[in-house]
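To start, the structure under review is shown below, and the notes come after it.
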Amino acid sequence: MLYLKPEFVTSILLSYNDTMLKGKNILIGITGGIAAYKICTLIRLYKKSGANVRVVVTPNALNFVTKLTLQSLSQNEVFSDCFEINDYKPEHIALTESDIFIIAPASANTIGKLANGICDNLLLSTACAFKKPILIVPAMNTNMWENPFVQDNLEKLKNCGFHILEPDSGFLACGTNGTGRMREPDEIYDKSVEILTKNNFLSGKKILITAGGTKEKIDPVRYITNASSGKMGIALARNAQQMGAEVTLVSTFNADGDFENIVTPTAQEMETTVKSKLNEVDCVIMAAAVSDFRVKEYSSQKIKKTSSDTMTLELVKNPDILKEISDLKTNTKIIGFCAESENLIENAKEKIKAKGCDFLIANDISRKDIGFNSDENEVYILDKALNIKKLDKDTKNNIAKRILEEIFE
Ligand code: C5P
């Protein structure tokens, strides 16, 4: 007889009342581990909450649990690596039309392949094409769990925005005690509800984000720009979109993503676009590095080299978009960025007062390991009352998530 922990039973009962999952499309990926049998209970939990469950398995998973069981519980066809094409739609793409992908149990093998972009089965191909949240629930023997390659692969996945529900320690199927036991179905269920709730917390919001260094044209082939990569702005746009917001990215370059992208290479073009959209959005995040100056006179012909050893370009001030839109005092929440190479906090405090925005995200560009062009960042969030919150060094993806959580708390 299957023994259920009392807290597990409570959670199942609570789950029945959970309306959050009603109508949600849950995709469960099962890999070849003994914990696969527990996924039958997980499927029941989702079904009882009114969710639609689809299951994709690796070939090895079917050694532990049968297709017929999974099919009967999920009341859906179970997908595996067969090439009996019933539909014109490629299966791994059709499966991505789900709200969350839960890979449980996730074997060391599947974790390693995922972290390295390998797609040699349907489950992996689906994960590779999946744009919504993916929850990895590892289960393996303690020695495998502690293997540095496995830990590196998990770290890599974490940094790319995958959610990891780390294993428990306890009695393992291989007869030993240690870390590696898959978390119980109720814990997986609760974690998925938490992710879906968070994931949706910007639903109904319209957010405009600027990104990249502006390119102030000198002549048809030359321009003045700066070292901004635009990575922070893109991370904000992707995360805001994944959290349910309707996003417009106004960037100095073309960017791929499930959001509207308006390309505005110069500060003046950016100003026109941001101002024209200001009243349509709930929030503007000015992550772009806008050039403070532009050349006074653009030369429509390429400027020729002369015999002179020097050349003078006269510059004029660009509009300060952040200050101008803050001065308009609309209901739109306005967030600025500040990149400082010294006295970060003092300068940031002065800047938020001068600009009048609601929040200012300050980062130190004197450090080589964070900020401009780097994949990581460490920032301070200042609000109008000069409260300061530090977000410790992390990937720009995770920093973006936390900035959005802080400003829309
Ligand atoms: O004054 P500073 O350039 O340090 O301010 C940075 C912040 O102001 C960023 O959010 C940037 O997008 C914005 N900014 C702007 N217009 C400018 C210069 C900066 O909106 N001309």
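Across segment 273-288, what is the total count of residues that are within 10 Å of the ligand (Cβ to nearest atom) and assigned to a strand (DSSP E or B)?
3
Just checking, how many residues over segment 309-345 are more than 13 Å from the ligand (Cβ to nearest atom), polar (S, T, N, Q) and surrounded by 14 or more Cβ atoms within 10 Å (Cβ to Cβ)?
Looking only at that region, the number is 1.
Among the residues of segment 203-231, which ones are surrounded by fewer than 18 Cβ atoms within 10 Å (Cβ to Cβ), free of Cβ contacts under 8 Å to residues at least 60 places away in the same chain and not hydroxyl-bearing (Ser, Thr, Tyr)?
Gly204 - this is the single residue of segment 203-231 that is surrounded by fewer than 18 Cβ atoms within 10 Å (Cβ to Cβ), free of Cβ contacts under 8 Å to residues at least 60 places away in the same chain and not hydroxyl-bearing (Ser, Thr, Tyr).
Pick out, from segment 88-153, the helices (runs of 4 or more DSSP H) lying fully within it that include 1 or more residues that are closer than 18 Å to Ile164 by Cβ.
On the way: elements: 91-94, 108-115, 122-129, 142-146.
The qualifying helices (runs of 4 or more DSSP H) are 108-115, 122-129, 142-146.
For a quick check of your reading of the model, give me the residue pairs whose first member lies in segment 141-167 and is touching a residue at least 12 places away in the same chain (Cβ under 8 Å), whose second is of a type in the set (Phe, Trp, Tyr) and part of a loop (DSSP other than H, G, I, E, B), with beta-carbon atoms closer than 9 Å and at least 6 apart or on different chains.
So the pair list comes out as Leu154/Phe162; Lys156/Phe162.
Go through segment 253-272 and report how many residues are part of a loop (DSSP other than H, G, I, E, B) and within 13 Å of the ligand (Cβ to nearest atom).
Selection size over segment 253-272: 2.
Can Gly170 be described as over 30 Å from Ser228 (Cα atoms), small (Gly, Ala, Ser) and out of contact with any strand residue (DSSP E or B) (no Cβ under 9 Å at 6 or more places or on another chain)? Reasoning before the result, please.
Values: over 30 Å from Ser228 (Cα atoms): yes; small (Gly, Ala, Ser): yes; out of contact with any strand residue (DSSP E or B) (no Cβ under 9 Å at 6 or more places or on another chain): no.
When the stated conditions are applied, Gly170 does not pass them.
Taking the residues in segment 395-406 that are surrounded by fewer than 18 Cβ atoms within 10 Å (Cβ to Cβ) and within 19 Å of Ala348 (Cβ to Cβ) as candidates, determine which candidate is farthest from the chain's Cα centre (by Cα). Please lay out each step first, then the result.
The initial filter retains those residues of segment 395-406 that are surrounded by fewer than 18 Cβ atoms within 10 Å (Cβ to Cβ), namely 402, 405-406.
Right, trim to within 19 Å of Ala348 (Cβ to Cβ) and you get 402, 406.
Values: Arg402: 10, Glu406: 15 Å.
Only one residue tops the list, namely Glu406.
Out of Leu124, Leu135, which single residue is assigned by TED's automatic domain parsing to the domain that holds Val78, surrounded by 20 or more Cβ atoms within 10 Å (Cβ to Cβ) and in contact with a strand residue (DSSP E or B) (Cβ under 6 Å, 6 or more places away or on another chain)?
Values: Leu124 fails: in contact with a strand residue (DSSP E or B) (Cβ under 6 Å, 6 or more places away or on another chain).
The conditions single out Leu135.
The values are calculated or read from the model by the stated rules, or taken from the named source; none is laboratory data. Values in this document were obtained by computation on a predicted structure and should not be read as measured data. Every residue, glycine as well, gets a Cβ built from its backbone with ideal geometry; the counts of neighbours run over all protein chains shown.
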